[in-house]
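This report refers to the structure that appears directly beneath it.
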Amino acid sequence: MLTEETLWKLGRAPLEDVSPDGGSVVYSVTYFNIVANKGNTDLYVCKTDGTTPPVKITNYEGHENNARFRRMEKKILFLANGLLYSCNPDGSDQYKLADLEMNGFVIAPTNDRIAFLQDVKYRKTTAETYPACRLQTPVCTMISCIVTGKPGTMATTAMFLPSSIKTERFMGSCQHRE
């Protein structure tokens with residue numbers, strides 16, 4: 001019988017990229033440790049004809065993903081915990097290319113550049129805006145506020161705050177509900 005516990009023991013294995021000649025694939029496998037509440041992702045390469053077993057090419061703590069074959073140099077570029085690395089298709093000669101943290105990247109068709117995704121802070125977080133509202137306890141209280149705009153219009157907004165926060169100080173005239 002397939003249970004939730006059994007599903008958590010199975011590795012998740014998405015395809016990352018296919019080599020330019022179509023002879024190999026690089027894919028990632030993520031395993032989760034329920035007790036530690038962590039996951040770990042490693043990269044593997046295998047032949048598309050199935051003649052050889054997969055080869056594990058990374059073994060960093062955390063997550064390696066976004067693997068891409070670099071067309072001309074016969075290298076694989078990948079992210080290890082958000083940093084860009086390079087290696088040979090057999091996993092040898094691994095080195096970090098940049099200390100710039102990124103969420104993903106693509107290689108230009110000309111093979112001479114990459115475009116990457118990166119988180120950019122453009123405004124204050126809620127915790128920075130309301131420093132007294134740091135969630136310090138999992139017990140929360142629901143606050144329901146009536147917001148009025150034009151005469152005759154009304155909307156309801158719900159927020160969840162720790163019960164230790166004085167709601168009248170935080171929200172002013174909001175209505176408090178347990």
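The values are calculated or read from the model by the stated rules, or taken from the named source; none is laboratory data. What you are looking at is a predicted structure, and each value in this text was computed from that prediction instead of being measured. Because the Cβ atoms are built from the backbone with ideal geometry, glycine has one as well, and the counts that use them run over all protein chains shown. Note: areas computed on protein heavy atoms with side chains; ligands, DNA, RNA excluded. Shrake-Rupley method; radii C 1.70, N 1.55, O 1.52, S 1.80 Å.
Things worth noting here:
- Selection status of Lys47, within 17 Å of the chain's Cα centre (by Cα) and of a type outside the set (Val, Ile, Thr): no
- Remark: pairs (first residue in the stretch 115-131, open to solvent by 100 Å² or more (accessible area, probe 1.4 Å); second residue not in a loop (DSSP other than H, G, I, E, B); Cβ separation under 6 Å; 6+ apart in sequence or on different chains) = Leu117/Gly104.
- Residues that are of a type in the set (Asp, Glu), touching a strand residue (DSSP E or B) at 6+ places or on another chain (Cβ under 8 Å) and either at positive phi or assigned to a loop (DSSP other than H, G, I, E, B) (or both), drawn from the stretch 55-98: Glu61, Asp90, Asp93
- Complete set of residues in the stretch 79-103 that are under 14 Å from the mean Cα position of the chain (by Cα) and surrounded by 13 or more Cβ atoms within 10 Å (Cβ to Cβ): Leu79, Ala80, Asn81, Gly82, Leu83, Glu101, Met102
- Taken over the stretch 1-49, the criterion of being in a loop (DSSP other than H, G, I, E, B) and surrounded by 16 or more Cβ atoms within 10 Å (Cβ to Cβ) is satisfied by Ser19 alone.
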